[in-house]
Amino acid sequence: MKSYKIFYQFVSELARVAAPGATIIIVTWCHRNLAPSEDSLKPDELNLLKKICDAYYLPDWCSPSDYVKIAESLSLEDIKTADWSENVAPFWPAVIQSALTWKGLTSLLRSGWKTIKGALVMPLMIQGYKKGLIKFSIITCRKPQAAIEGEPEAASPSVE
């Protein structure tokens with residue numbers, strides 16, 4: 001079982017520092033939601049995500065429904081998700097095309113191996129998108145007006 005501790009900590013911190021009634025917006029890459037009959041992603045999907053994570057130094061991935069479960073566990077309200085993958089899909093070919101220009105290639109070479117490695121993985125992102133594995137997700141929710149019981153209030157900055 002994959003640990004979602006880092007994602008829980010992230011959303012928990014957003015909820016902690018948000019003012020009561022504030023809207024929290026998370027814009028992130030996710031993997032697809034699992035079908036009801038699935039316990040995990042398929043081995044080839046996990047392998048593809050691992051290659052991307054290794055290149056971009058990313059933590060494990062989670063799904064939009066994982067974020068919803070986390071938000072629900074934190075008593076956040078009005079939880080909504082949207083898949084904006086189609087809106088950002090033109091980004092990948094545009095990045096690859098710009099990298100293949102003289103200016104793009106020289107810029108990549110000057111920026112070092114980490115950037116080159118990231119650029120070389122862009123086709124894997126496209127592959128994941130085309131397979132329906134990788135999603136560009138928007139998750140919104142609202143912190144309740146009343147403080148969540150047991151939650152420490154965020155410290156207010158002092159004004160002198």
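The residues on offer are 139, 148, and the sole one that is modelled with pLDDT under 75, farther than 20 Å from residue 55 by Cα and of a type in the set (A, V, I, L, M) is 148. Within the range 38-50, the set of residues being part of a loop (DSSP other than H, G, I, E, B) and surrounded by 12 or more Cβ atoms within 10 Å (Cβ to Cβ) comprises just one member, 41. Taken together, 35, 15 contain a single residue that is aliphatic (A, V, I, L, M) and touching a residue at least 12 places away in the same chain (Cβ under 8 Å), which is 15.
Of all residues in the range 78-108, those satisfying the criterion of being in contact (Cβ under 8 Å) with a residue 12 or more places away in the chain, aliphatic (A, V, I, L, M) and assigned to a helix (DSSP H, G or I) are 88, 95, 96, 99. Total residues in the range 10-35 satisfying the condition of being farther than 21 Å from residue 134 by Cβ and not polar (S, T, N, Q): the figure is 11. Across the range 127-136, which residue is modelled with the highest pLDDT among those that are surrounded by fewer than 17 Cβ atoms within 10 Å (Cβ to Cβ) and farther than 12 Å from residue 49 by Cβ? Restricting to residues being surrounded by fewer than 17 Cβ atoms within 10 Å (Cβ to Cβ) and farther than 12 Å from residue 49 by Cβ, the top hit is 132.
Per-residue answers, yes or no, for (1) surrounded by fewer than 18 Cβ atoms within 10 Å (Cβ to Cβ); (2) under 21 Å from residue 139 (Cβ atoms); (3) over 18 Å from the mean Cα position of the chain (by Cα):
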site	(1), (2), (3)
10	yes, yes, no
22	yes, yes, yes
36	yes, yes, yes
52	no, yes, no
58	yes, yes, no
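Per the conditions (1) at pLDDT 95 or above; (2) not in a loop (DSSP other than H, G, I, E, B), the sole criterion not satisfied by residue 75 is (2). Checking each residue in the range 39-72 for being under 20 Å from residue 130 (Cβ atoms), of a type in the set (Ser, Thr, Tyr) and at pLDDT 90 or above picks out only 63.
Considered as a group, the residues in the range 61-92 that are charged (D, E, K, R) and farther than 17 Å from residue 14 by Cα include one that is surrounded by the fewest Cβ atoms within 10 Å (Cβ to Cβ), and that residue is 86.
Checking each residue in the range 1-38 for being aliphatic (A, V, I, L, M) and either at pLDDT below 95 or touching a Gly at 6+ places or on another chain (Cβ under 7 Å) (or both) picks out 1, 6.
The values are calculated or read from the model by the stated rules, or taken from the named source; none is laboratory data. It should be emphasised that the depicted structure is a prediction, and the values quoted were computed from it without experimental measurement. Don't worry about glycine lacking a Cβ; one is built from the backbone with ideal geometry, like all the others, and counts go over all protein chains shown.
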